[in-house]
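Enquirer: One structure coming up, written as structure tokens, with questions to follow.
Values quoted throughout were computed directly from the atomic coordinates according to the rules given, and no laboratory measurement underlies them. Computed from a predicted model, the values in this text were never measured in an experiment. Glycine gets a Cβ as well: all are built from the backbone with ideal geometry, and neighbour counts include every protein chain shown.
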Amino acid sequence: MFPNLGYSVRNCLHVFLAFSLLLLLIINGFDSVAYGVPADAYLFITPSMYVAKEIGELFDIAINISNVEDLRSLKFTVTYNTSLLDVTQVIQGLFFPSPPEVCFEFEKNESLGFVMVNVSLADSEASRSGNGTLAWIGFKVVQGPESCVSSPLDLEQTLLLNSALNPIAHDLVGAVYFWKSMQPDPPPGGRLLDLYTQKGGKGPDEPGGEFVAGEMVYLISRVTYNDYPVQQKLVAFEARSALNETMVILVTATDQDGFAQMSFRIPNIPSSNRTWTGISVVDIAGETVWDTISFRVLSLSASISPLSASILVGQSVTFTSTVSGGYAPYSYQWYLDGAPVSGATSSSWTFALQPIGNYSVYLNVTDSLGNMVKSNQASVTVASQLTVSISPMSASILVGQSVTFTSTVSGGYTPYSYQWYLNGNPVSGATSASWTFTTTTSGIYYIYLKVTDAKGNTVQSDTARITVATVPVGGYSFPIQVTTKTEPIIPYIALIATLTAIFTKLRPKTRRRR
């Protein structure tokens, strides 16, 4: 809602201007402009369509003026259906200055269903020209009969006066209110407005075709009265997105064949997907007439998978794409770290043969109309090859003895998981980086280790060989060797010979003494 700044000025110093407005309305029969004659100035209501969903809901409309010159005072009336709506407040807009530079007064009649507004400038103020908002009117949704589901919001009894108190030619465009959902317009008394797009929708309840995000949409209205084209008549257009957000509002005049047209480009964003609504409102011979049309927007979208990958040097990962919307056939270009990959122009692409590092991948898709969309970005991490070694690689032990194996792991992605194998079979519980082998049986045993990294890559070590011997009954006997020292014999022989010679020589002397 707009701010609660409402006021009603009842005692103005410009009574003669108000009297002049009323007098001129009577003289002109409340006809704002000759039917079918072009007028530069116009009054219109925004939004041109409002759909209420709940009892007690509050909403606002703005009464705007455009292309006016030398405006001194004005009068207008907005009519509505009292079984559906209550007026909550009326507030002066920003086109004119605030009191006391202006006299702003209004009257609301809940029983007859109208709000009448009079605005006039003080004598000291210069007349106004251009575009702006004259007033805001707030409504509250009230309980109404289920058979009453719409309410035209008509601009009636309008009069614009210039500084010479002469009427200013102008045109009008009202609005329409719906309860719960948009309803088709039952054309009153030969008045007809047909809204369609360049792709379809002519006639009642016909769809407006299919579009893609980024494509131009042309909303076309044909205005007729008793099957004759209405020329130079202002038509209000509004386009609402799939999220029911007002995207475009435009007021334009019909040409000599009764056609009015507006165009806009559908935003190239994911939320543009699904069904859009166009609405057109026109005042034909004092009655508000409308038409609506729906058209589908098939947003061009692309996604790639996997979203991330972690591989080893020498490995590869294949990316695939999913494309929807737009107009086939599609063309593709894959990008690696922001640069196009030469030759990567298919719906899938294999990433391979890259050194260690982190990489980003995305895909650009273009449809046959030239609409382009960028996919989500995927990441790839390349790590060195996973390797493992164990030690010792061989050992000889006795039954009952043990040997502890240790491992060295590099590459891949931590953390690692381990499994030791004995003679080709996994050893229960042997899931650490080291393992102690003990056996009670002699023989030859083969041991290796399998390591798996955090990404599921697996590597196997070389195989170690262990010989286990049996201890004999009674123990082992060991030969004892006594070491003897061999003395040389020659010196002893020489000594004996010497002693013998001495003895022989001394013996004769002993005999002579006797």
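Enquirer: Calculate the spin-label point distance for Thr133 paired with Asp40, positioning each point 7 Å from the Cα along the beta-carbon direction, and give it in nanometres.
Expert: 2.6 nm
Enquirer: Using only the alpha-carbon atoms of the range 90-137 as identical scatterers, what base-10 log of I(q)/I(0) does the Debye formula give at q = 0.19, 0.26, 0.28 Å⁻¹?
Expert: Reported log10 I(q)/I(0), two decimals: -0.63, -0.99, -1.09.
Enquirer: Between Gln333 and Thr252, what's the calculated FRET efficiency when r is the beta-carbon distance and R0 is 30 Å? Round to 0.05. Show your work: numbers first, answer last.
Expert: Working: r = 40 Å, r/R0 = 1.34.
That gives a FRET efficiency of 0.15.
Enquirer: If you put +1 on each Lys and Arg Cβ and -1 on each Asp and Glu Cβ, how big is the dipole of the range 191-297 around its Cα centre, in Debye rounded to 20?
Expert: Values: 9 positive and 13 negative charges, 58 e Å.
In debye, rounded to 20, the range 191-297 gives about 280.
Enquirer: Mind ranking 441-453, 58-70, 166-178, 417-429 by how tightly packed they are, going by the mean number of other C-beta atoms within 10 angstrom, highest first? Don't skip to the answer; put the middle values down first.
Expert: Working: 441-453: 16.4, 58-70: 18.2, 166-178: 21.4, 417-429: 13.5.
Ranked from most to least packed, the peptides come out as 166-178, 58-70, 441-453, 417-429.
Enquirer: Estimate the FRET efficiency between Glu107 and Asn226 by the formula 1/(1 + (r/R0)^6), using the beta-carbon distance for r and 41 Å for R0, to the nearest 0.05. Can you show the working numbers first?
Expert: Numbers: r = 35 Å, r/R0 = 0.86.
According to the calculation, E is roughly 0.70.
Enquirer: State whether the range 387-469 is rounded, prolate or oblate according to the following rule on the C-alpha gyration tensor (a ≥ b ≥ c being the square roots of its eigenvalues): a/c under 1.5 gives rounded; otherwise a/b larger than b/c gives prolate, and the remaining case gives oblate.
Expert: Working: a/c = 2.56, a/b = 2.25, b/c = 1.14.
Because a/c hits 1.5 or more and a/b exceeds b/c, the range 387-469 counts as prolate.
Enquirer: Please compute the Kirkwood hydrodynamic radius of the range 149-221 from all pairs of different C-alpha atoms, in Å with one decimal. Before the final figure, lay out each step's value.
Expert: Values: mean 1/r = 0.0630 Å⁻¹.
Value: 15.9 Å, from the Cα pair sum.
Enquirer: When the Kirkwood radius is taken over all Cα pairs of the range 307-403, what Stokes-Einstein diffusion coefficient follows at 20 °C and 1.002 mPa s, in µm²/s? Let's see the in-between values first.
Expert: Details: Rh = 16.4 Å.
Estimated via Stokes-Einstein, D reaches 131 µm²/s.
Enquirer: Same structure, new question: So what's the Cα pair-distance distribution over the range 203-276, bin width 5 Å, in %?
Expert: The percentages, shortest bin first, are 3, 15, 22, 22, 17, 11, 7, 2, 0.
Enquirer: Further question: Could you rank the peptides 399-409, 77-87 by their average count of other C-beta atoms within 10 Å per residue, with the highest value first?
Expert: In decreasing order of mean packing, 399-409, 77-87 become 77-87, 399-409.
Enquirer: Quick one: which of Lys199/Lys233; Lys75/Lys202; Lys75/Lys140 span more than 30 angstrom between C-alpha atoms? Could you put the intermediate results ahead of the total?
Expert: Working: Lys199/Lys233 24 Å; Lys75/Lys202 37 Å; Lys75/Lys140 24 Å.
Exceeds cut-off: Lys75/Lys202.
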